[in-house]
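Novice: Quick one: structure below, then a few questions.
Every number here is computed from the coordinates shown, using simple stated rules; none is lab data. Computed from a prediction, not measured in an experiment: that's the story for all the values here. Backbone-built Cβ (ideal geometry, glycine too); neighbour counts: all protein chains shown.
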Amino acid sequence: MASQDWFEKDFYATLGVAQDASEEDIKKAYRKLARKYHPDKNPGDTSAEQKFKEIGEANQVLSDPQQRQEYDAVRQMARGGARFSGGAGGAEDVFSSMFGGGGGSAYRTYSSGAGGQQGINLEDLLAQFGGAGGGFGGGGFSSGFGGPRQRAAQRGEDVEARASITFRQAVEGSEVRISDGDGQSFTARIPAGVKDGQKIRLRGKGRAGFGGGPNGDMILHVSVGTDPVFGRDGDNLTVELPVTFAEATLGATVQVPTFDGKSVKVRVAPGTPSGRSLRVKGRGVKTKKATGDLIAKVHVVVPKELTDEQRQAVETLAAGEADPREELLAKARQAAS
């Protein structure tokens, strides 16, 4: 239906098409602009969101043959294709009658381009611009330009929510209950591999749209707890692997815990220092795109108590060792000189 603000809006310019553009041209222009300004591609950009609403309104009118015919007629009057004289027969009174502004006669004085004037029924005048005729009054036209004003379809607003999940839920994926802020709750699927602080877009879970427009989305902020055994580095799981001084020195095969509660055996090479990482392929976080590894970080455990025999063995070892700090001290002295 015709809208009074059509006089102020140029839908053709909004879509970047000519006034005689075909339906296909209008469709192509709208799709191109909708992809460019879609809120999913411009999160938090209010200007892009407003532009998206404007091109949606323009497309709604121009893609409908009847609405486009009415719009073209209104725009023609706005450009001066038909002019109304001032005073009691002025344009304000006419538009007030057209768009429900209250009383007013159904007849106005019409001024032609040549300057002559004649009494004319507005129903006949509007019929010249594509209107379907029919009477009008305080409630607007009954057909053609008639009926109540309809709001252009608009996408609903996005909303934000927060969810706190455990480390295991984040790694394996889970379902959680989410409140939409209006007292309603629903079940949302958290995908496997979600990270702490990550945002998840839940389609259609935002505010309801207007005029038949789609619902907005919910932006879910996820907080992930910690685990007593495992850590995370991207899609890799990490674990601190304690080994004895003897195992690190002489080498050994040791067991490493895995996230499923089982374990795997890994080889610790002779002379392995603290901090070295041992990789277990395919035992990390599994997502749709990839599967990470399990990284075991070696931590050499120094015994707090030694028997006399053990102490003697260590002292014998120490007597034959070179000073491991000698090279470090030499570099420091060289840098300072």
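Novice: Please express the Cα-Cα pair-distance distribution P(r) of the stretch 5-70 as a list of whole percents, one per 10 Å bin, running from 0 to the bin with the greatest distance.
Specialist: Cα pair-distance distribution for the stretch 5-70, in percent: 22, 53, 23, 3.
Novice: Once you put a point 7 Å from the Cα of S277 and another 7 Å from the Cα of D20, both along the Cβ direction, what distance in nm separates them?
Specialist: Modelled inter-label distance: 6.7 nm.
Novice: Under 16 Å from the 7 Å Cα→Cβ point of T307, by amide nitrogen: which residues of the stretch 216-253?
Specialist: Residues 246 qualify, since their backbone N sits under 16 Å from the label point.
Novice: Can you give me the distance in nm between label points at T287 and D45, each placed 7 Å from the Cα along the Cα-to-Cβ direction?
Specialist: Calculated label separation equals 2.4 nm.
Novice: Would you grab the residues whose amide H sits under 5 Å from the one on V268? Only those 5+ places off in sequence or on another chain, please, with H modelled 1.01 Å from N.
Specialist: The answer is A252, T253, V254.
Novice: Then there is this: In the stretch 207-274, which trypsin sites (Lys or Arg not before Pro) fall in coil by DSSP and have 10 or fewer other Cβ atoms within 10 Å?
Specialist: Here the trypsin sites (Lys or Arg not before Pro) that fit, given the DSSP loop and packing criteria, are K262.
Novice: Right, something else. How do the peptides 7-14, 271-278 rank, highest first, by the average count of neighbouring beta carbon atoms within 10 Å per residue? Display every interim value, and only then the final one.
Specialist: Values: 7-14: 15.8, 271-278: 13.5.
The packing order, highest mean first, is 7-14, 271-278.
Novice: Using Cα-only point scatterers and the Debye equation, what is log10 of I(q)/I(0) for the stretch 159-224 at each q in 0.12, 0.15 Å⁻¹, rounded to two decimals?
Specialist: -0.31, -0.46
Novice: Find out how many positive minus negative residues lie around T187, taking Lys and Arg as positive, Asp and Glu as negative, among other residues whose Cβ is under 10 Å from that of T187.
Specialist: Charge balance in the 10 Å sphere: +1.
Novice: Within the set of other residues whose C-beta is less than 14 Å from the C-beta of K28, count the net charge using Lys and Arg as +1 and Asp and Glu as -1.
Specialist: The answer is +2.
Novice: Ok, one more. What order do you get for 60-68, 194-202, 19-27 when each peptide is scored by the mean count of other beta carbon atoms within 10 Å, highest first?
Specialist: Details: 60-68: 16.4, 194-202: 14.6, 19-27: 12.7.
Descending mean neighbour count gives 60-68, 194-202, 19-27.
Novice: Please state the equivalent ellipsoid semi-axes for the stretch 248-337: what are the square roots of 5 times the Cα gyration tensor eigenvalues, largest first, in whole Å?
Specialist: 35, 23, 10
Novice: Moving on. For S185 and V229, compute 0.36 nm times the residue count separating them, minus their Cα-Cα distance, and round to one decimal in nm.
Specialist: Working: separation 44, 0.36 × 44 = 15.84 nm, distance 3.32 nm.
Stretched out fully, the S185 to V229 stretch lengthens by 12.5 nm.
Novice: Between G156 and residues 5 or more places away or on another chain, which pairs have amide H atoms under 5 Å apart, with H built 1.01 Å from N, and which residues are they?
Specialist: G209, F210, N215, G216
Novice: Quick one: of K265/K297; K41/K286; K32/K53; K199/K288; K36/K199; K27/K53, which pairs are farther than 19 Å apart, Cα to Cα?
Specialist: Going by Cα-Cα distance, K41/K286; K36/K199 fall outside the 19 Å limit.
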